[in-house]
Amino acid sequence: MFTIIIPTHNRPALLQRTLRSLIAQTYRNFTVIIVDDSAAYVPPYEELLLLKGQYVYIIRSGNEGPAESRNMGVSIARSKYVLFLDDDDTYAPNHLEVLARCIGDHSPALLFHDFQVCNETRTTSPPTQLSLEPISISGVTRDSVYIRNRIPNSCLVYRRDVIAHLQHESDMAIYEDWDFLLKCLQDHDLTYAPLDSVIIHKSVADTPENMRRGNSHNEKIMETMMHLYRKHKAPNMDTRLARQALIASAGTTLALEFF
């Protein structure tokens, strides 16, 4: 039913936590593909043993970064649905069970759902939870994703035939997951599922231990948004106007034709 692809880079303790959340799943029809782009640590043998053969562990060479790791994972996935899970995020024990029930016999091309945000500090081992907050993104639509992406990558479910011919762009420092989703939306729509059993773990980037890849390139946000706006043209006038207004709110005025 599901293949869960986890790119990982030099975060063994966080990866172990992620894998333990998969070991605890009440629904067992899944395979995990872990793609390690560093090989700086030995694989998490204890957790892999507990997955009881439901995994593939790849140590790859080449450029660092999650894009190429996700592409490699997709290339060997064989299940009907593919999920991408960051190596510092987790599932509640019933996540895959509820997800399978939501999908049922409908076969949606792209499914998304709510989540919970766990704010934590990683200066302790294990990390210390500071707060847990449910986040609803039920109002997200196909058009709104063309303006800004509010869907965490770990909260998307892709039917494999939709993405089998697509690639994550390895030369993007940020937002390669948004770019990938926009490629899918050229031919498919989004379906919302009312569950929030993915936990997105966040930390304030005030120490090396707390650094997340996503908060290390803030200076590239505007540049990358403009690149994506040029690459993926707005599907209608309302979306073009919304893009123009968003960029203007950041202090940049551009003609409507740009969007």
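Remarks
- When shorter helices are ignored and each DSSP H run of at least 4 residues is given -39500 (n - 2.57), the per-residue value for the chain at 222 nm works out to -8500 deg cm²/dmol.
- For segment 16-115, averaging the sequence separation of C-alpha pairs within contact (under 8 Å, six or more residues apart) and dividing by the residue count gives a relative contact order of 40 percent.
- Between segment 115-188 and segment 11-27, the Cα center-to-center distance that results, in Å: 19
- Loop-located GluC sites (Glu not before Pro) across segment 53-162 with a Cβ neighbour count of 16 or fewer within 10 Å are 64, with loop assigned by DSSP.
- Modelled spin-label separation between residue 39 and residue 189, with each label point placed 7 Å from Cα along the Cα-to-Cβ direction: 4.7 nm.
- DSSP beta bridges in the chain [antiparallel fraction, %, rounded to 5]: 40
- The chain: relative contact order in percent, alpha carbon pairs under 8 Å with at least 6 residues between: 21
- Residues residue 171 and residue 57, FRET efficiency given R0 of 25 Å [Cβ-Cβ distance, rounded to 0.05]: 0.45
- With 0.36 nm allotted per residue and the present C-alpha distance subtracted, the residue 128-residue 143 stretch has 1.6 nm of extension available.
- Estimated FRET transfer efficiency (residue 227, residue 78; beta-carbon r; R0 30 Å; 0.05): 0.35
- In terms of other Cβ atoms within 10 Å, 1, 172, 237 run from fewest to most in the order 237, 1, 172.
- Each peptide in 131-143, 23-35 receives the mean, over its residues, of other Cβ atoms within 10 Å, and ordering these scores from highest gives 23-35, 131-143.
Readers should treat all values here as calculations from the given coordinates under stated rules, not as data from a laboratory. All figures in this text were calculated on a predicted structure; none of them were measured in a lab. We place every Cβ from the backbone using ideal geometry, glycine too, and count neighbours over all the protein chains shown.
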